[in-house]
């Protein structure tokens, strides 16, 4: 067992973990952060995307011990004081989900994209989300949601 300490959604946590424990397993199983979804277990789908020290990472591809000392934000950590994050609101408003399985990872990647590029073009949004897969929506409403969150919803075809 290895002792790890990190900030998760603004709260300091410390635990003993097996060195082979994935960050997604730690978040879900030890911390109860079940909004971080296990999709493919191979880092292809992006459903498990979280932010680690401000950078978007696929938590099925990071060991919990690698996050020792890090600041981790999950989908549960985006809402503040009962208010949804603007990207969460945009996904709701634009119907940027169907089954919802990919939604936490899509939202986390979208937040990271908008932090890096606050006014992305449609092609930049599509490129910025290419590591996150959705099997239901066809991406149109997801792109609309990111555009709305970026303040670009005017002129977007419905």
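The values are calculated or read from the model by the stated rules, or taken from the named source; none is laboratory data. In this text the structure is predicted, and so the values were computed from the model without any measurement. Here the Cβ is made from the backbone with ideal geometry for all residues, glycine too, and neighbour counts use every protein chain on show.
Details
- Yes/no for residue 141 being surrounded by 14 or more Cβ atoms within 10 Å (Cβ to Cβ), out of contact with any helix residue (DSSP H, G or I) (no Cβ under 7 Å at 6 or more places or on another chain) and assigned by TED's automatic domain parsing to the domain that holds residue 26: no
Residue by residue, here is whether (1) over 13 Å from the mean Cα position of the chain (by Cα); (2) assigned to a loop (DSSP other than H, G, I, E, B); (3) assigned by TED's automatic domain parsing to the domain that holds residue 133 holds:
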residue	(1), (2), (3)
14	yes, no, no
29	yes, no, no
44	yes, yes, no
57	no, no, no
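- Filter pass, residue 62 being under 18 Å from residue 128 (Cα atoms) and in the same structural domain as residue 34 (by TED's automatic domain parsing): no
- Residue 74 in contact (Cβ under 8 Å) with a residue 40 or more places away in the chain and either surrounded by 17 or more Cβ atoms within 10 Å (Cβ to Cβ) or within 19 Å of residue 23 (Cβ to Cβ) (or both): yes
- Residues located in the range 118-138, provided they are assigned to a loop (DSSP other than H, G, I, E, B), surrounded by 13 or more Cβ atoms within 10 Å (Cβ to Cβ) and within 16 Å of the chain's Cα centre (by Cα): 129, 131, 132, 133, 134
- Of all residues in the range 93-111, those satisfying the criterion of being crowded, with 20+ Cβ neighbours inside 10 Å and touching a residue at least 40 places away in the same chain (Cβ under 8 Å) are 94, 96, 97, 102, 104, 105, 106, 108, 109, 111.
- One residue from 69, 10, 54, 32 being surrounded by fewer than 14 Cβ atoms within 10 Å (Cβ to Cβ), at pLDDT 95 or above and touching a helix residue (DSSP H, G or I) at 6+ places or on another chain (Cβ under 7 Å): 10
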